[in-house]
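Novice: Starting off with a structure, shown below.
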Amino acid sequence: MLRIEDALEIILERTPILDEEEVALREATGRVLRQDCISDLDLPPFDRARMDGYAVRAVDTESAGPERPARLRAIGEAAAGNAFSGRVGAGEAVRIMTGAPVPPGADAVEKIEVIRVLDSGWIEIEEPVKTGQFITPRGIEARAGDVMVRSGERVTPAVVAVLASFGHAKVKVSRKPRVALLSTGTELVEVEQKPGPSQIRNSNTYSLAGYAQAAGAEVLSAGIVRDDFDATRDAIRDALANADLVVLSGGVSMGDYDLVKPALGDLGAEVLVEKVAMHPGKPTVFAKLGDRVIFGLPGNPVSVAVSFHLFAWPALLKMQGASEIHLPRMRAYASRSVKGAPPRRSHQPARLAIRDGRAEAEPLKWSGSSDLVAFMRADCLIVVPEDRQSLNEGELVEVISLSG
Ligand code: AMP
Ligand code: MG
């Protein structure tokens, strides 16, 4: 039985990095960048008004007060996309709109709400205006030539906005991992069917498809195979045909009909991990056939999810060349006690919440690793160290987020 860290080391060492491809920016969200992205201009590209009001020279308002307002002559207008062509001289002001370039000569913006606009084309300001007020200076957000986003970062909606701002119409990203999913089990029927007396519906390929897509993969196929040696071997062979990674569920324990490992052996795959000191998810299998990566995850719906997040998630991100491949880990206070499973490290499904200003992880009430109904509400796993019989209520514990 391998420690989680040792299993992970083997898995990551044997997981190849996929080729890169160039995609249009609108295809880039969710992908991992394989190039640094440089800014091609200062941002903002000019001193920019942050308020609707008047662009002024602060010095002209220095001695303004309610009794002696500064009286300035309005000489024109600057709007977003339409700069004022002249210069603001002594005693002058320019009507300015949010997003417009501050005209030369002006060094502050006063907002319209505190300005008295006179009919005669003059304005009055009753308070001194501070130099730089309501101006976002040129280049404060980024400088031309700066590296804005590095190779290995995943493109989020916020990142894609930055890439758009700096003219990256096309970017180099990793090819999407192609994943084939296969549920083993003679008891399984598809969602459209009503299960017979000893049958259950296949749910694992549905959860796995979602997890794989969230990790940036493309799901090629998702099927069921019964617990028959030849059928299992042939289904794995078919799944491997076009996939970079195959995720099997079920058939990896010690039962007479657990045929995944023998089938992998028959196909000539190298089984590198067979058992991991974790709960749930002990019979996690990792194998390689050529460049192809194969995970055989235990069939119980919670086990499959825990095992996927601990091992297949980082493998998929490694494949894409991501610099951060693991799910976020954090600390939170356990709101109830949690049982451990020594000598295995245990993972208790839980929900994070902020209560009284502190992060709390609420362990879900579950009846065991088949309890997909309870697991539906989990957004994290509480980690119970391998040497602990239990964690106490109120104890600061480690949690693993279930979303990247
Ligand atoms: P196994 O790992 O094959 O021994 O399966 C463990 C348990 O998980 C059994 O109760 C199976 O019926 C259940 N199970 C296996 N595969 C699936 C699946 N695709 N969807 C839902 N439950 C499953
Ligand atoms: Mg089975």
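Novice: Can you name every residue in segment 196-228 that is without any contact (Cβ under 8 Å) to a residue 40 or more places away in the chain and open to solvent by 50 Å² or more (accessible area, probe 1.4 Å)? Break it down stepwise before answering.
Specialist: Step one: filter segment 196-228 for residues without any contact (Cβ under 8 Å) to a residue 40 or more places away in the chain, giving 196-202, 206, 209-210, 213.
Within segment 196-228, P197, S198, Q199, I200, R201, Y206, Q213 meet the criteria.
Quick grid of which residues meet (1) touching a strand residue (DSSP E or B) at 6+ places or on another chain (Cβ under 9 Å); (2) over 25 Å from V276 (Cβ atoms); (3) within 16 Å of ligand 1 (Cβ to nearest atom):
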{"position": "H347", "(1), (2), (3)": "yes, no, no"}
{"position": "A353", "(1), (2), (3)": "yes, yes, no"}
{"position": "P363", "(1), (2), (3)": "yes, no, no"}
{"position": "M376", "(1), (2), (3)": "no, no, yes"}
{"position": "I382", "(1), (2), (3)": "yes, no, no"}
{"position": "P385", "(1), (2), (3)": "yes, no, no"}
{"position": "E393", "(1), (2), (3)": "yes, yes, no"}
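Novice: Now a separate question. Can you tell me which condition V129 does not meet? The list is (1) within 30 Å of Q320 (Cα to Cα); (2) touching a helix residue (DSSP H, G or I) at 6+ places or on another chain (Cβ under 6 Å); (3) open to solvent by less than 20 Å² (accessible area, probe 1.4 Å), and all the others hold.
Specialist: V129 satisfies all of (1) within 30 Å of Q320 (Cα to Cα); (2) touching a helix residue (DSSP H, G or I) at 6+ places or on another chain (Cβ under 6 Å); (3) open to solvent by less than 20 Å² (accessible area, probe 1.4 Å) except (1).
Every residue, every condition in (1) free of Cβ contacts under 8 Å to residues at least 60 places away in the same chain; (2) open to solvent by less than 70 Å² (accessible area, probe 1.4 Å); (3) charged (D, E, K, R), yes or no:
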position	(1), (2), (3)
A353	yes, yes, no
G357	yes, no, no
M376	yes, no, no
E386	no, yes, yes
N392	yes, no, no
I400	no, yes, no
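Novice: Next up: Of all the strands (runs of 3 or more DSSP E) wholly in segment 46-116, which have at least 1 residues that are crowded, with 18+ Cβ neighbours inside 10 Å and of a type in the set (D, E, K, R)? Working first, answer last.
Specialist: Working: elements: 53-56, 70-78, 92-96, 108-111.
Answer list for segment 46-116: 92-96, 108-111.
Novice: Could you grab me the full set of residues in segment 34-45 that are of a type outside the set (V, I, T) and outside any loop (DSSP other than H, G, I, E, B)? Please lay out each step first, then the result.
Specialist: Residues of segment 34-45 of a type outside the set (V, I, T): 34-37, 39-45.
C37, L43, listed by residue number.
Novice: Hey, T205 hits all of (1) of a type in the set (S, T, Y); (2) within 20 Å of L297 (Cβ to Cβ); (3) within 16 Å of ligand 2 (Cβ to nearest atom); (4) outside any helix (DSSP H, G or I) but one; which does it fall short on?
Specialist: Unmet for T205, out of (1) of a type in the set (S, T, Y); (2) within 20 Å of L297 (Cβ to Cβ); (3) within 16 Å of ligand 2 (Cβ to nearest atom); (4) outside any helix (DSSP H, G or I): (4).
The values are calculated or read from the model by the stated rules, or taken from the named source; none is laboratory data. Remember, predicted model here, so these are calculated numbers, not experimental data. Using ideal geometry, Cβ is built from the backbone for each residue, glycine included, and neighbour counts are taken over all protein chains shown. Side chains included, ligands, DNA and RNA excluded: accessible areas come from the protein's heavy atoms. Shrake-Rupley method; radii C 1.70, N 1.55, O 1.52, S 1.80 Å.
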